[in-house]
1. Read through the list (1) farther than 25 Å from Pro169 by Cβ; (2) in a helix (DSSP H, G or I), then give the number of the only condition that Phe50 fails.
2. Restrict the check to region 138-161 and report whether at least one residue is in contact with a Lys or Arg (Cβ under 7 Å, 6 or more places away or on another chain), buried (at least 20 other Cβ atoms within 10 Å of the Cβ) and in the same structural domain as Val68 (by TED's automatic domain parsing).
3. Being touching a strand residue (DSSP E or B) at 6+ places or on another chain (Cβ under 9 Å), of a type in the set (Lys, Arg) and in contact (Cβ under 8 Å) with a residue 24 or more places away in the chain is true for just one of Lys289, Lys244. Which residue is that?
4. Going through region 94-119 one residue at a time, which ones are within 11 Å of Ser65 (Cα to Cα) and in contact with a Pro (Cβ under 8 Å, 6 or more places away or on another chain)?
5. Please find, among Phe93, Phe50, the residue that is closer than 30 Å to Arg253 by Cα, assigned by TED's automatic domain parsing to the domain that holds Arg35 and at pLDDT 95 or above.
6. Six or more apart or on different chains, Cβ under 8 Å: which pairs go from a residue in region 224-240 that's over 15 Å from Lys197 (Cα atoms) to one that's among the hydrophobic types (A, V, I, L, M, F, W, C) and modelled with pLDDT of 90 or more? Could you list them?
7. If you check every pair at least six apart or on different chains, which have Cβ atoms under 7 Å apart with a residue in region 157-171 that is farther than 15 Å from Ile136 by Cα first and a residue that is aromatic (Phe, Trp, Tyr) and assigned to a loop (DSSP other than H, G, I, E, B) second?
8. Mind counting the residues in region 35-47 that are at pLDDT below 95 and part of a loop (DSSP other than H, G, I, E, B)?
Amino acid sequence: MGFFSKLFGKKENDKNLQHRSEDANVVNIGNDDERMNWGMKKAKLTLHHFEECLKQTKPSQQYFSIKVKIIDGKKVEHIWLNEPSFDSEGNLFGVVGNEPLDVRSVSFQQKIGIDRSLVSDWMILENGRLIGGYTIRAMRDGLEGNALKQFDLSLGGMHIDEGEDYFLPNFETPEGAIVSLENAYTERNLDKAMACKDFKEEARMMLSKFGKEIQREEIIEKTAEALQLSFMSHMQETGLPSFKGYKRAFIAREKISEKHYIITEVTTSPEGSKGIDKLNTYLTDSGWKVLGVAE
């Protein structure tokens, strides 16, 4: 059970969580294309963390690499670059890490410069543990049995767990809204937590399961007021939870509509215990908001 599920007394639907093994505790979601597309999108949205780590490298961070899209006429290939760096304008430089298979515009060990918009992945090895590496994870999540064992052997023994994501705490992405809410909880700031919510949309979503006769605007307004009062009362009575020291990984986006995504988050406490939450998020006029735990 995840942090939010415990907080609000709901359980994730175990039937929808297909674990590869008890030890892996990783959820297989979607087909290969969906996983790969989500991996590349996550890499772009969290690239700022890779840049920050390059500027202030820790002794525990042994290896940095970045994957970029090389376009050569009609041919396209995604290639890892070693020795990555960014200039003051944010332009990316690196050394081609392998002999290209399809494109001929770059060659092995050539130093190149490329626009950051063409980044498709990044990875850091920190004490042997993979940080980032979203396309690697996407490929790995589609494997099982001997194919999975062989894939892991090809990675040279790096440790791959759920990972750790670094979405910016803002309302520009569903994940950023969740991070903002968790930060508000940790800061013990109820006003900030309230700003991450939209009780009217939560009420509308809740009432949508029933007949149209109870989906009138006045009923939605009254339900939203009740949800808001309940949320405030619960937080004041139990105290705001703390996510201090927690690692978070957003392992899936389930698109319900253009404005509604269900986000699957894995949290790891400082003691190492893990939890999974599926959270409704909704795009409002003021950005993405967290509506609550998905059933």
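The values are calculated or read from the model by the stated rules, or taken from the named source; none is laboratory data. All figures in this text were calculated on a predicted structure; none of them were measured in a lab. We place every Cβ from the backbone using ideal geometry, glycine too, and count neighbours over all the protein chains shown.
1. Checking Phe50 against (1) farther than 25 Å from Pro169 by Cβ; (2) in a helix (DSSP H, G or I), the one that fails is (1).
2. Looking through region 138-161, at least one residue is in contact with a Lys or Arg (Cβ under 7 Å, 6 or more places away or on another chain), buried (at least 20 other Cβ atoms within 10 Å of the Cβ) and in the same structural domain as Val68 (by TED's automatic domain parsing).
3. Values: Lys244 fails: touching a strand residue (DSSP E or B) at 6+ places or on another chain (Cβ under 9 Å).
After applying the criteria, what remains is Lys289.
4. Gly94, the sole residue that qualifies.
5. None of the other options fit; the residue is Phe50.
6. Once the first residue is over 15 Å from Lys197 (Cα atoms) and sits in region 224-240, its partners that are among the hydrophobic types (A, V, I, L, M, F, W, C) and modelled with pLDDT of 90 or more give Gln236/Leu190.
7. none
8. Of the residues in that region, 0 qualify.
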